[in-house]
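A.B. asks: One structure, pasted below without further comment.
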Amino acid sequence: MKKKIRNIVSVFFALTILIISTIPAYASPKKDFGLIVYEQESQLPFDYYEETVNFDETAKVSEASKVTSTTTYITVYGYTYTKGSKLYGSWRNGTSGGSNISAITLTFNRSDDTSYNISFTATVNGSYTNGGTIGASLGVTLGKSKSYSLGSGCSVSVPKGEHYLIKYRPIYYKYKVVETEYLEGYILGYGWHRIEVATKTCYVNVFDHWDFTVVED
């Protein structure tokens, strides 16, 4: 009887070993730290390139308006100003005078007579979007006239028996202004990017100073 029981136990033990040996071994599961690894393509609507530009400080891009998605963009503008060569306006008549008795000193400044025309118009040609921004940068209002001081004016000695005329004209510069429109958006995984959308070019006449000359009258 005892021998029979030992045989049964041996068979059971052998079967148990066989079953355990057929169970596959598994490595301990890795801890999940919540890390997500992914590949992301740029969601820009079209090709882009990065460029360093000076952006207009009045472009009204506040912290509150910054986007946090890849599908929303804000519009900003960049400007370049290129000063052209010196240009001359038409001569204007100032004061005139002389004496047959003695030599005199002829002077011309606006404090003598406020009727003289000392205005200059900031004419503009070409296309642009933000005229106020461009004008503010150049110190003018596009298309509008502005009075400019004659400064110390002009003074000349007129010999006895002579009659002179002081003339004046504006000296100005033509500025080339290139206005570039950009879309600015935040691309998740890439950061902030600016996409050039379009450029516009205009030319603005900007007053510099008055020029004087004296002629016989």
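The numbers here are math on the coordinates, done by the rules we state, and not lab data. These numbers come from a predicted model, not from an experiment. Cβ sites come from the backbone with ideal geometry, for glycine too, and all protein chains shown count toward neighbours.
A.B. asks: I'd like to know which of G161, G84, S115 lies farthest towards the positive end of the charge dipole of the stretch 70-180, counting +1 on Cβ of Lys and Arg and -1 on Cβ of Asp and Glu.
C.D. replies: With unit charges placed on the Cβ atoms, the residue in question is G84.
A.B. asks: For the stretch 102-175, run through the trypsin sites (Lys or Arg not before Pro) and keep only the ones in DSSP coil with at most 14 other Cβ atoms within 10 Å of their Cβ.
C.D. replies: Passing both the DSSP loop test and the Cβ count: K144, K160.
A.B. asks: Where a ≥ b ≥ c are the square roots of the eigenvalues of the C-alpha gyration tensor, would you call the stretch 88-217 rounded, which needs a/c under 1.5, or, failing that, prolate if a/b is larger than b/c, or oblate?
C.D. replies: Prolate.
A.B. asks: Within 10 Å of each residue's Cβ, count the other Cβ atoms and sort T75, T114, T180 from fewest upward.
C.D. replies: T114, T75, T180
A.B. asks: Further, regarding this structure: About its Cα centre, what dipole magnitude does the stretch 63-216 give when the only charges are +1 on Lys and Arg Cβ and -1 on Asp and Glu Cβ, stated in debye to the nearest 20?
C.D. replies: 160 debye
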